[in-house]
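Each remark here refers to the structure printed beneath this line.
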4 protein chains.
Amino acid sequence: MLTITRLDISDARILIEGAAAKATEIGVPMCIAIVDESGNLIAFERMDGGKVTSVTIAQDKAFTAAAARKATHDYNAVCVPGNLAFGIHTEVGGRISTVGGGLPVSVDGEVVGGIGLSSGTPQQDMACAQAGIDHFLAARARA
Amino acid sequence: MLTITRLDISDARILIEGAAAKATEIGVPMCIAIVDESGNLIAFERMDGGKVTSVTIAQDKAFTAAAARKATHDYNAVCVPGNLAFGIHTEVGGRISTVGGGLPVSVDGEVVGGIGLSSGTPQQDMACAQAGIDHFLAARARA
Amino acid sequence: MLTITRLDISDARILIEGAAAKATEIGVPMCIAIVDESGNLIAFERMDGGKVTSVTIAQDKAFTAAAARKATHDYNAVCVPGNLAFGIHTEVGGRISTVGGGLPVSVDGEVVGGIGLSSGTPQQDMACAQAGIDHFLAARARA
Amino acid sequence: MLTITRLDISDARILIEGAAAKATEIGVPMCIAIVDESGNLIAFERMDGGKVTSVTIAQDKAFTAAAARKATHDYNAVCVPGNLAFGIHTEVGGRISTVGGGLPVSVDGEVVGGIGLSSGTPQQDMACAQAGIDHFLAARARA
């Protein structure tokens with residue numbers, strides 16, 4: 001039997017809170033998805049003005065980051081024609097995302113979930129995803 | 001009428017055994033899928049720590065290798081923009097994999113199945129897939 | 001944070017072993033799928049003669065049983081026109097199975113995975129799934 | 001290793017010929033699909049006037065009949081609310097067909113493929129599928 005550590009709903013809310021604060025700061029309403037370590041959705045918020053397409057994209061980014069334990073921008077870097085990982089973006093029914101904005105969430109060196117942001121540029125999505133993680137880890141450090 | 005030769009469940013277990021031994025040796029827990037010559041799954045194992053996304057990817061690599069009778073890294077080599085094979089990775093509902101790690105399994109010059117590995121780098125996946133085939137062919141040579 | 005208990009690959013092999021023994025006893029080669037508590041595949045075997053359609057059906061039964069924490073025959077009982085649960089069988093892209101043969105695997109009152117059998121009648125599939133669980137629990141009791 | 005017997009393209013043409021003759025006789029242009037024992041398409045013809053929806057339905061009927069080794073009308077008989085097999089019609093991404101008109105093709109007691117008809121009533125589809133098989137078996141008996 002395996003013992004797995006996974007984000008709970010309180011953790012998910014804190015991750016969203018941190019990401020949404022950054023999104024508000026940069027003036028880009030976002031879709032924000034939090035998944036557990038298996039890639040299944042725990043919480044989701046579409047800020048007023050977030051894109052409808054991003055409802056799915058944010059979830060796919062979070063899924064990819066958590067279930068593959070790899071940032072979507074890291075997949076982006078290797079998903080280049082001629083590279084042996086090219087084509088990964090169409091796998092799992094197209095759910096593998098290679099668009100920046102999905103990050104694994106790790107605690108004590110173990111992936112416990114993922115966060116995915118979508119509606120801005122990939123750079124904006126990445127910054128907000130990181131802000132969610134920073135806020136979450138800071139809250140843990142204070143606890 | 002056609003007469004087809006195909007891996008059986010005992011063959012599949014030997015292929016998995018060889019691939020898993022290599023995965024253990026290099027320290028990368030893998031998802032390992034074995035399919036028959038038509039691409040249908042015979043056996044699958046996710047080693048403890050194998051990635052969830054790789055559950056599907058390993059199966060798609062094995063499917064591609066067996067059903068198209070071509071290593072996925074050979075598809076990768078031709079799936080380059082401007083090349084006439086570009087786009088093959090989105091075909092068959094996205095099940096065609098161009099990511100290294102899927103190999104056809106051949107006996108007496110005939111494809112009898114496929115093996116797909118996923119969770120490492122494409123190079124690691126390829127090495128473990130080959131190790132599965134080497135182990136299987138060695139077992140046949142001894143029999 | 002949540003702490004989750006989940007089947008490992010050794011547990012999955014024992015579940016398959018018990019189910020396959022029963023399938024052999026009744027003379028019906030089966031497809032056997034074992035998933036973790038989130039519904040993701042850990043191990044699969046298609047016994048020689050198992051049906052190709054059952055490759056997917058066995059996995060969907062195991063997925064449903066584990067991820068919904070409910071036997072597929074219990075969903076069958078309520079999936080009757082006029083009952084408010086009718087239609088559940090088409091949900092999650094059709095992956096929710098209401099055909100008998102999927103059982104959650106529980107340890108100490110907690111669902112830690114699922115087992116799905118397919119290729120026989122639903123009654124045969126159910127008997128083999130239960131045999132897998134009985135074998136697994138007996139092995140745990142001996143350990 | 002397993003040895004499998006499967007329809008070849010000449011067999012498939014004979015099956016279509018028999019089914020199409022019956023379809024012409026009853027005045028209903030049909031879609032006719034022939035698959036191998038794994039459910040993969042060998043040959044397909046849409047008679048002039050065959051329905052577009054039937055392009056897929058005929059293939060799914062043939063797939064189901066061959067890969068599950070069971071006539072689609074036999075699945076229909078057990079796919080009744082309250083019966084433990086109810087819900088089978090939505091499995092395998094909805095490809096399992098419970099509509100009459102799909103028959104396994106057997107030679108010497110072994111399923112070697114499947115035939116699926118669609119465009120008429122289920123009774124008409126079934127009659128034409130059977131006519132294809134009768135024609136095929138008669139040709140074999142003469143050979």
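Going through the stretch A:76-88 one residue at a time, which ones are part of a helix (DSSP H, G or I) and either under 11 Å from the mean Cα position of the chain (by Cα) or surrounded by fewer than 22 Cβ atoms within 10 Å (Cβ to Cβ) (or both)?
Passing the criteria: A:N76, A:A77, A:V78.
Would a scan of the stretch D:58-70 turn up a residue that is in contact with a helix residue (DSSP H, G or I) (Cβ under 7 Å, 6 or more places away or on another chain), in contact (Cβ under 8 Å) with a residue 12 or more places away in the chain and surrounded by fewer than 22 Cβ atoms within 10 Å (Cβ to Cβ)?
Residues of the stretch D:58-70 that are in contact with a helix residue (DSSP H, G or I) (Cβ under 7 Å, 6 or more places away or on another chain), as a first pass: D:61, D:64-65, D:67-68.
In the following step, the residues that additionally are in contact (Cβ under 8 Å) with a residue 12 or more places away in the chain were identified as D:61, D:64-65, D:67-68.
Pick out the ones that are also surrounded by fewer than 22 Cβ atoms within 10 Å (Cβ to Cβ) and you get none.
Among the residues of the stretch D:58-70, not one is in contact with a helix residue (DSSP H, G or I) (Cβ under 7 Å, 6 or more places away or on another chain), in contact (Cβ under 8 Å) with a residue 12 or more places away in the chain and surrounded by fewer than 22 Cβ atoms within 10 Å (Cβ to Cβ), which makes the answer no.
Which of the residues that make up the stretch D:48-87 are of a type in the set (G, A, S) and under 19 Å from D:T121 (Cα atoms)? Those that are of a type in the set (G, A, S) and under 19 Å from D:T121 (Cα atoms): D:G49, D:G50, D:S54, D:A58, D:A62, D:A65, D:A71, D:A77. Check the stretch D:7-22 and report whether any residue there is among the acidic types (D, E), within 14 Å of chain C (Cβ to nearest Cβ) and not in a helix (DSSP H, G or I). Scanning the stretch D:7-22, I find no residue that is among the acidic types (D, E), within 14 Å of chain C (Cβ to nearest Cβ) and not in a helix (DSSP H, G or I), so the answer is no.
Please go through the stretch C:23-47 and give me each residue that is of a type in the set (S, T, Y) and either in a strand (DSSP E or B) or closer than 16 Å to C:Q124 by Cβ (or both), ordered by number.
Initial filter on the stretch C:23-47 (of a type in the set (S, T, Y)): C:24, C:38.
Scanning the stretch C:23-47 gives a single hit, C:T24.
C:G27 satisfies every condition listed in (1) over 25 Å from A:G39 (Cβ atoms); (2) in contact with a strand residue (DSSP E or B) (Cβ under 7 Å, 6 or more places away or on another chain) except (2).
Tell me, which residue of the stretch D:23-36 that is over 13 Å from the mean Cα position of the chain (by Cα) and touching a residue at least 40 places away in the same chain (Cβ under 8 Å) is nearest to the other protein chains (Cβ to nearest Cβ)? Spell out how you get there, then give the answer.
To start, the set of residues in the stretch D:23-36 that are over 13 Å from the mean Cα position of the chain (by Cα) comprises D:23-29.
Then drop every residue that is not touching a residue at least 40 places away in the same chain (Cβ under 8 Å), which leaves D:23, D:26, D:28-29.
On the way: D:A23: 25, D:I26: 29, D:V28: 28, D:P29: 29 Å.
That would be D:A23.
When A:K51 is tested against (1) charged (D, E, K, R); (2) outside any loop (DSSP other than H, G, I, E, B); (3) touching a Cys at 6+ places or on another chain (Cβ under 8 Å), only condition (2) is not met. Scan the stretch D:62-69 and give yes if some residue there is touching a Phe, Trp or Tyr at 6+ places or on another chain (Cβ under 8 Å) and either not hydroxyl-bearing (S, T, Y) or not in a helix (DSSP H, G or I) (or both), otherwise no. Scanning the stretch D:62-69, I find at least one residue that is touching a Phe, Trp or Tyr at 6+ places or on another chain (Cβ under 8 Å) and either not hydroxyl-bearing (S, T, Y) or not in a helix (DSSP H, G or I) (or both), so the answer is yes. Return yes or no: is A:A129 more than 15 Å from A:S38 (Cα to Cα) and crowded, with 24+ Cβ neighbours inside 10 Å? Spelling it out, A:A129 is indeed more than 15 Å from A:S38 (Cα to Cα) and crowded, with 24+ Cβ neighbours inside 10 Å. Within the stretch C:106-133, residues that are over 11 Å from C:A58 (Cα atoms) sit with their Cβ atoms under 7 Å from residues that are among the acidic types (D, E) and crowded, with 22+ Cβ neighbours inside 10 Å, at 6+ positions apart or across chains, in these pairs: C:V111/C:E37; C:V112/C:E37; C:G113/C:D36; C:G113/C:E37.
Residues in the stretch A:50-70: is at least one among the acidic types (D, E), more than 20 Å from A:V105 (Cβ to Cβ) and more than 10 Å from chain B (Cβ to nearest Cβ)? Can you show your working first?
Filtering the stretch A:50-70 down to residues among the acidic types (D, E) leaves A:60.
Those still in the list that are more than 20 Å from A:V105 (Cβ to Cβ) too: none.
No: zero hits.
Per this entry, C:A138 is counted among residues that are modelled with pLDDT of 95 or more, part of a helix (DSSP H, G or I), surrounded by fewer than 24 Cβ atoms within 10 Å (Cβ to Cβ) and more than 9 Å from every other protein chain (Cβ to nearest Cβ).
Checked against the criterion of being assigned to a helix (DSSP H, G or I) and within 14 Å of chain A (Cβ to nearest Cβ), the stretch B:93-116 has at least one qualifying residue.
Every residue, every condition in (1) surrounded by fewer than 21 Cβ atoms within 10 Å (Cβ to Cβ); (2) at pLDDT 95 or above; (3) over 15 Å from the mean Cα position of the chain (by Cα); (4) among the polar types (S, T, N, Q), yes or no:
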{"residue": "A:S38", "(1), (2), (3), (4)": "no, yes, no, yes"}
{"residue": "A:F44", "(1), (2), (3), (4)": "yes, yes, no, no"}
{"residue": "A:D48", "(1), (2), (3), (4)": "yes, yes, yes, no"}
{"residue": "A:S54", "(1), (2), (3), (4)": "no, yes, no, yes"}
{"residue": "A:V92", "(1), (2), (3), (4)": "no, no, yes, no"}
{"residue": "A:Q123", "(1), (2), (3), (4)": "yes, yes, no, yes"}
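The values are calculated or read from the model by the stated rules, or taken from the named source; none is laboratory data. Quick caveat: nothing in here was measured; it's all calculated off a predicted structure. So basically every Cβ, Gly included, is an ideal-geometry build from the backbone, and we count neighbours across all protein chains shown.
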